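The structure appears below as structure tokens.
No value in this document is a laboratory result; all are computed from the given coordinates. Everything numeric in this text was worked out from a predicted model, so none of it was measured. Cβ: placed from backbone, ideal geometry, glycine included. Neighbour counts: every protein chain shown.
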Amino acid sequence: MFHDLLMETRSLFGWEVHAYCLMSNHYHLLIHTPLGHLGRAMRHLNGVYTQRFNRSVKTDGPLFRGRYKAILVDADHYLLQVSRYIHRNPLEGGQPQWMQAPLWTSYPAYIGKKKKPEWLSTSRILEMTGNGNRVRLYRRYVEEGADEETARFYSKERLSPVLGGERFIAEIERFIHKQALSREIAEVRQVREIPSVNEIKRVCAEYFELSSGQLRASRRGSFGLARNIAIYMCRAVGGYGLREIGNEFGSLGYAGVAKAVGRLKMKIKTDRNISRHLLKIKEILETKNKLS
């Protein structure tokens, strides 16, 4: 069912599907989107699959938890490595038998164990293995194990939306600036590595000459303002979720975090001092974390 829908999505939105891996509770796709429309295409893939799955097992409700994670890959330098990481996912996940099963991964099509489906593009990745028997070279490459750099990248709790070298990242940054893309978009904020919640709290505490413990406590006056600014920065600069932020500020609930952010947004419109504080704290964080 998923394969059929993947083929359908490819046809509708002009995708090139280079690799896939289906696991018991998630999946990986390595795709090229020359026509764009990634958001629309993923809504179609996940939405229609959820409908068809629910209908097949006579249930209802959401199937996927949260939004998909998109990572822009520097194809010239990382495409081959990412394909290996995806194809080794069943092995690393404790299901090595799935690695050779075409229903679960595209790996068998790469190494000649299964006829390649029409909708799967393998030539670009195989060409990167060098001269000679590319199928054999690719199989040897995958069996060597994931390289340390790629494994370290995917092991992070919060993945960067870009996998590439400094030059590639700089090109993406220039594109973002040229297109004036909103920094409200999480992926735009995260082109450079984002600061942790603890780092944001520490910088805010130092800026207002408070302790981290004082920021956690709910108080009025200057303490309360500093706390709300720290919460706001965790949301606006870090892009962290409401639950994650709330846990770091004295078990503050979803509604509490949302209200704190909303109150500060209203004050920004009338109090220039708050805007000045936010700008200075952001500059400190950018200096420390090399954010763009």
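What net charge do the residues around Met128 carry, taking every other residue with its C-beta under 10 Å from that of Met128, with Lys and Arg at +1 and Asp and Glu at -1? Here the charged neighbours net out to 0.
Ranking of Val48, Val82 by neighbouring Cβ atoms within 10 Å, starting from the fewest: Val48, Val82.
Under the classification rounded if a/c is under 1.5, otherwise prolate if a/b is larger than b/c and oblate if not, where does segment 195-289 fall, given a ≥ b ≥ c as square roots of the Cα gyration tensor eigenvalues? It comes out rounded by the Cα gyration axes. Computed from the alpha carbon atoms alone, the convex hull of the chain holds 167 Å³ per residue.
Residue-wise HN-Hα couplings along segment 124-134, as the Karplus relation 6.51 cos²θ - 1.76 cosθ + 1.60 with θ = phi - 60° gives them from phi, are 5, 6, 4, 5, 6, 7, x, 7, x, 6, 5 Hz; Gly and Pro carry x. Here's the picture: charge each Lys and Arg Cβ at +1 and each Asp and Glu Cβ at -1 in the chain, and of Ala109, Gln95, Gly253 the one pushed furthest to the positive end of that dipole is Gly253.
Rounded to the nearest 20, the size of the Cβ-charge dipole of segment 195-289 about its Cα centre is 420 debye, with Lys and Arg at +1 and Asp and Glu at -1.
Across segment 205-212, computed HN-Hα scalar couplings (Karplus, 6.51 cos²θ - 1.76 cosθ + 1.60, θ = phi - 60°) run 5, 5, 4, 8, 6, 10, 9, 4 Hz from first to last residue, x flagging Gly and Pro. Residues Asp74, Asp60 in ascending order of nearby Cβ atoms (within 10 Å, fewest first): Asp60, Asp74. With a threshold of 32 Å on the Cα-Cα distance, the over-threshold entries among Lys201/Lys267; Lys156/Lys267; Lys156/Lys280; Lys115/Lys156; Lys156/Lys269; Lys58/Lys156 are Lys156/Lys267; Lys115/Lys156; Lys156/Lys269; Lys58/Lys156. Take every DSSP beta bridge whose two residues both sit in the chain; close to 70 percent of them are antiparallel.
Count Lys and Arg as plus one, Asp and Glu as minus one, and take only other residues whose Cβ is under 13 Å from that of Pro102; the net charge is then +4.
Taken about its Cα centre, the chain carries a charge dipole of about 1020 debye when Lys and Arg each add +1 at the Cβ and Asp and Glu each add -1 at the Cβ.
Rounded to the nearest Hz, the phi-derived 3J(HN,Hα) couplings of segment 277-282 under the Karplus curve 6.51 cos²θ - 1.76 cosθ + 1.60 (θ = phi - 60°) are 4, 4, 5, 5, 5, 4, where x marks glycine and proline. Summed over qualifying helices (DSSP H, 4 residues or more, each -39500 (n - 2.57)) and divided by its residue number, the chain shows a 222 nm mean residue ellipticity of -17000 deg cm²/dmol. When GluC sites (Glu not before Pro) are flagged only if DSSP places them in a loop and at most 16 other Cβ atoms lie within 10 Å, the longest unflagged stretch of the chain comes out as 1-117.
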